[in-house]
Amino acid sequence: MRTLKELAEEAYRVQDACNLAGVLRGATRAHDDLRKLAEQENKEWDWCDKHPIMQLWSDKIAQLAGTQFADVSHFYEIYNEINKLRGAP
């Protein structure tokens, strides 16, 4: 398990990444370690989800996925496309 300092350093370094799949795997590992730290310190589980480390990871994921600065109408279009792919009316 990595320390908070190590996790913060990794979240900082990943901002130069260009491989979404790799970033997703790294974010999962970081979240797992944050959960372990949360358990040790009796923190709520959502502490991990809202931690600045995970916010930086999620921002990078959004950037690589092309949704970082998307507005509500963009997400409406995405949901419509997903519903078409699902065969939903």
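The values are calculated or read from the model by the stated rules, or taken from the named source; none is laboratory data. The shown structure was predicted, so the numbers you read here are calculated from the model rather than taken from an experiment. Heads up, the Cβs are rebuilt from the backbone with ideal geometry, glycines too, and the neighbour counts pull from every protein chain shown.
Tally the residues that are surrounded by 13 or more Cβ atoms within 10 Å (Cβ to Cβ), within 18 Å of residue 2 (Cα to Cα) and either touching a strand residue (DSSP E or B) at 6+ places or on another chain (Cβ under 7 Å) or free of Cβ contacts under 8 Å to residues at least 24 places away in the same chain (or both), restricting the search to region 33-66.
Within region 33-66, residues that are surrounded by 13 or more Cβ atoms within 10 Å (Cβ to Cβ), within 18 Å of residue 2 (Cα to Cα) and either touching a strand residue (DSSP E or B) at 6+ places or on another chain (Cβ under 7 Å) or free of Cβ contacts under 8 Å to residues at least 24 places away in the same chain (or both) number 7.
Which condition number does residue 28 fail, the rest of (1) assigned to a helix (DSSP H, G or I); (2) modelled with pLDDT under 95; (3) hydroxyl-bearing (Ser, Thr, Tyr) being met?
Unmet for residue 28, out of (1) assigned to a helix (DSSP H, G or I); (2) modelled with pLDDT under 95; (3) hydroxyl-bearing (Ser, Thr, Tyr): (2).
Quick one: would you say residue 14 is in a helix (DSSP H, G or I), among the hydrophobic types (A, V, I, L, M, F, W, C) and touching a Gly at 6+ places or on another chain (Cβ under 7 Å)?
Against the criterion (in a helix (DSSP H, G or I), among the hydrophobic types (A, V, I, L, M, F, W, C) and touching a Gly at 6+ places or on another chain (Cβ under 7 Å)), residue 14 qualifies.
Any residue at all in region 61-78 that is charged (D, E, K, R), modelled with pLDDT of 95 or more and either within 19 Å of residue 11 (Cα to Cα) or assigned to a helix (DSSP H, G or I) (or both)?
The answer is no, given that none of the residues of region 61-78 is charged (D, E, K, R), modelled with pLDDT of 95 or more and either within 19 Å of residue 11 (Cα to Cα) or assigned to a helix (DSSP H, G or I) (or both).
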